[in-house]
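Data first, discussion second: the structure below is written as structure tokens.
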Amino acid sequence: MFRWKATAATLAIAALALTACSGGSSDTSDGDGNASGGTLTLGAIIEPLTLDPSGAEWGNRSPYYQAMYDTLLVATPEGTIEPWLATAWEYNEDNTVLTLTIRDDVTFSDGSALTADVVVENMDRFKNGTSPDAGYFAAVESFEAPDDTTVVFTLSAPDPAMLDYLTRDAGLVASSEAIAAGDLATNPVGSGPYVYDASSSVPGTSYHYTANPDYWNPDVQHYDELVINVLGDNTAQLNAIRAGEANAVKVASSNDLAEIEGAGWTINANELDVASLLLLDRGGEMNEALGDVRVRQAINYAFDREGLLQALESGYGTVTGQMFPEKSPAYDPALDDYYGYDPEKARELLAEAGYADGLTLSLPNSALLGSTTYNLHEQQLADIGITVEYTDPGSNFIADLLAPKFPAAYIPLEQNPDWQLIQFMIAPTAIFNPFGYEDPQVSEYIAEIQSGDEATQAEVAAELNRYIVEQAWFAPMYRVQGNYPSDANTTVEMLPTNTYPAIYDIYPAN
């Protein structure tokens with residue numbers, strides 16, 4: 001939901017009654033019910049490219065950063081945004097000035113203090129840094145610290161997703177002294193619940209952390225040690241579960257869930273990502289056919305969404321025809337079956353558009369997403385007369401997609417909160433609108449959402465959603481069930497806004 005009116009707030013985090021064991025080590029409970037002792041071992045599917053927050057990413061890379069650094073605000077399993085390093089926030093009347101109140105009792109693991117000036121330094125670094133999400137601050141004209149506990153964001157225009165951004169990589173805060181040292185990429189220093197142990201870590205393989213003895217919020221610091229191992233394929237993930245070498249593991253596939261449950265593990269899940277063929281070249285610059293809405297609609301009719309969900313995800317997920325998630329005020333259940341599976345209708349539309357003899361579509365593929373996925377897509381598009389030519393860009397998959405070097409691409413993307421989703425894949429400047437395609441009607445909707453009150457935002461977002469479905473900007477297939485199994489000793493609370501749970505929401509089972 002849009003969150004303009006979430007203004008000043010404070011946070012009191014309740015202690016959790018935590019017992020049991022983790023990672024092969026036993027945990028005990030102190031008299032207040034807080035966990036003490038033990039090691040938490042996690043599996044992640046991808047490694048961080050840097051440990052410097054100015055180049056950070058979120059999603060599956062979030063746990064590496066969240067262990068070491070605090071964010072200004074925090075996202076909760078309930079879908080709310082709560083205070084963290086910032087204890088309160090407030091917008092001015094036209095939502096172009098955001099004022100944050102910063103905690104005055106936080107120190108970094110190097111002993112230096114958190115101040116508003118440190119926050120401003122970090123925000124400027126992120127805005128001008130190498131993170132693919134640096135555009136989160138595109139509307140920010142300045143960050144200022146009028147005193148030690150106040151930070152002011154001045155925006156050129158309202159950004160309804162700004163609070164969401166501050167729960168993610170844009171909100172990470174590192175020590176100013178560590179910034180000055182210039183080696184944050186390999187020697188990170190934050191105020192987070194854990195401290196990075198470089199001597200025990202193997203970059204790209206295994207990341208080790210120890211509890212921060214001076215952490216300001218010990219109620220969410222559930223372990224003495226944290227280990228995050230990179231398990232980059234289904235085999236490695238399943239082997240770690242079978243061998244009991246981890247307490248919780250992000251798994252990339254739903255195909256082994258029955259076996260995982262049979263091993264006594266709990267399947268913690270959410271539906272955050274939408275699997276979709278992104279029809280990026282809507283202006284027909286690279287592939288003239290995609291500039292015709294009838295061709296894009298034909299592609300939507302080509303896919304047997306239910307069949308693909310069963311074949312590729314063992315049925316775990318939900319068929320959809322829209323990019324906005326169910327929790328969004330833009331969501332319309334009628335749009336989930338707007339096109340359906342109708343190859344005959346698809347061929348009719350291609351003929352109307354002048355492609356009765358078919359057309360060729362160049363697409364990237366990636367081993368990470370599985371050859372079966374691409375083979376099935378190729379077959380279903382061939383059934384309506386579209387010949388697919390695949391190219392594997394290897395590690396440059398995302399870079400080539402965004403260059404852009406392809407007119408369309410299959411990739412599961414996060415269904416962000418509404419304004420964030422608009423800025424992520426719909427707006428002319430969106431990262432996943434690499435051709436910068438602009439539709440006057442869409443631009444009008446975006447302007448109304450940006451400047452409107454909550455009721456207007458919800459109403460217009462629904463109109464925008466229907467319009468891009470009718471215009472076939474994308475070919476959504478299904479919402480992917482993201483799976484994060486945990487062993488009998490570990491409780492996990494999933495987030496509705498990120499594929500990986502927060503470090504604070506993984507704790508010993510009762």
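Readers should treat all values here as calculations from the given coordinates under stated rules, not as data from a laboratory. Given the structure is predicted, the values throughout are model-derived calculations rather than measurements. Glycine gets a Cβ as well: all are built from the backbone with ideal geometry, and neighbour counts include every protein chain shown.
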Taking the radius of gyration and the Kirkwood hydrodynamic radius from Cα positions alone, what is the Rg/Rh ratio for the range 277-416, to two decimal places?
-> 0.95
Total charge of the residues flanking Ala269 in space, meaning their Cβ is under 13 Å from its Cβ, with Lys and Arg +1 and Asp and Glu -1, is -3
Once normalised by the length of the range 272-481, the mean sequence separation of its alpha carbon contacts under 8 Å that are 6 or more apart gives a contact order in percent of 39 percent
The chain, relative contact order in percent, only Cα pairs under 8 angstrom and at least six apart counted = 21 percent
Ranked by how many other beta carbons lie within 10 Å on average, peptides 114-126, 259-271, 470-482 from highest = 470-482, 114-126, 259-271
Positive minus negative residues near Gly354 (Lys, Arg vs Asp, Glu; Cβ under 11 Å) | -3
In the range 291-382, which chymotrypsin sites (Phe, Trp or Tyr not before Pro) are in a loop and have at most 15 other Cβ atoms within 10 Å, using DSSP for the loop call?
-> none
Can you list which of the GluC sites (Glu not before Pro) found in the range 38-104 are DSSP loop residues with at most 16 other C-beta atoms within 10 Å?
-> Glu78, Glu93
Cα centroids of the range 40-66 and the range 459-483: how far apart, whole angstrom?
-> 28 Å
Net charge (Lys, Arg +1; Asp, Glu -1) of residues whose beta-carbon lies under 13 Å from that of Asp183, Asp183 excluded, is -3
Specify whether the C-alpha gyration tensor of the range 334-378 places it in the rounded, prolate or oblate class, a ≥ b ≥ c being the square roots of the eigenvalues: rounded for a/c under 1.5, otherwise prolate if a/b is larger than b/c and oblate if not.
-> oblate
Fewest-first ordering of Lys250, Lys405 by Cβ atoms within 10 Å yields Lys405, Lys250
Rounded, prolate or oblate: which fits the range 150-289, taking a ≥ b ≥ c as square roots of the Cα gyration tensor eigenvalues, rounded meaning a/c under 1.5, else prolate when a/b beats b/c?
-> oblate
Long-range HN-HN contacts of Gly482 with modeled amide H, under 5 Å | Asn270, Glu271, Leu272, Asp273
Prolate/oblate/rounded label for the range 344-495 (Cα gyration tensor, a/c 1.5) = oblate
